[in-house]
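To start, the structure itself, in structure tokens.
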Amino acid sequence: MMCAKSKLRKKKTSSWTLPTILGLAIGAVGALGVVGIIELRPQIAVSPQESIEKSQPFLTPFRIDNTGYLSFHINRVICYAREVTVGSIDMGDNISTNSEWDNHEIDRADGETVICKFVRFGSMPSATDMAVVVDYSAPFMALSPPRRYFRFKGAYVDNWQWTKQPADEEFRKSADSTIARMNN
């Protein structure tokens, strides 16, 4: 009886065949290529620095840094304020620009500093929601220049602090609409 059972067993096929190994190797090379392309795109970081004047949050420099491998060109920098409330005054949907911020080549590990001077008040704002918007290009990128949004909300806790926030679709649309309206 044992002899009959052993003859009925099917021969197992190996799962590590040449097509499987080649497929995995090509997939790995392709994945590395995609990761390499992603790593070569401009890597931009924006962070608030120490305020020039402690009582004026809009005298805070924002540092735009190139954290990637290749240089990129800043076409234009726009500071967009979605909300700025001081007392009963609301100065939302406003932009601040400076031609000195525009048309700069940012090399690897290099950067530029901007100060978003929206308003100067005698008291601290009660609410702020703003972004540093960067229009940039790179030699290997598509024809239309990309735009990045770096959103911050401000709060007073012993001193003024800017905290990074995600720039959701609604925020980006609001910024784009205000920038287009102010540029016309």
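The values are calculated or read from the model by the stated rules, or taken from the named source; none is laboratory data. Keep in mind that this is a model prediction, so the values were computed, not measured. Cβ: placed from backbone, ideal geometry, glycine included. Neighbour counts: every protein chain shown.
Restricting the search to strands (runs of 3 or more DSSP E) fully inside the stretch 24-111 and requiring at least 1 residues that are modelled with pLDDT under 95 and among the hydroxyl-bearing types (Ser, Thr, Tyr) gives 72-86, 94-97.
When ILE179 is tested against (1) assigned to a strand (DSSP E or B); (2) surrounded by 13 or more Cβ atoms within 10 Å (Cβ to Cβ), exactly one condition is not met: (1).
Kindly indicate the residue of the stretch 49-89 that is exposed (fewer than 13 other Cβ atoms within 10 Å of the Cβ) and among the charged types (D, E, K, R) and also nearest to LYS117 (Cα to Cα) among those meeting that condition. The extreme case among them is GLU53.
Quick check: is even one residue across the stretch 125-140 closer than 17 Å to ALA175 by Cα, assigned to a loop (DSSP other than H, G, I, E, B) and either free of Cβ contacts under 8 Å to residues at least 60 places away in the same chain or acidic (Asp, Glu) (or both)? No: the stretch 125-140 contains no residue that is closer than 17 Å to ALA175 by Cα, assigned to a loop (DSSP other than H, G, I, E, B) and either free of Cβ contacts under 8 Å to residues at least 60 places away in the same chain or acidic (Asp, Glu) (or both).
Any residue at all in the stretch 158-167 that's surrounded by fewer than 16 Cβ atoms within 10 Å (Cβ to Cβ), of a type in the set (D, E, K, R), at pLDDT below 95 and within 18 Å of ARG76 (Cβ to Cβ)? No, every residue in the stretch 158-167 fails to be surrounded by fewer than 16 Cβ atoms within 10 Å (Cβ to Cβ), of a type in the set (D, E, K, R), at pLDDT below 95 and within 18 Å of ARG76 (Cβ to Cβ).
With respect to the conditions (1) modelled with pLDDT under 95; (2) part of a strand (DSSP E or B); (3) among the small types (Gly, Ala, Ser), SER144 falls short on a single one, namely (2).
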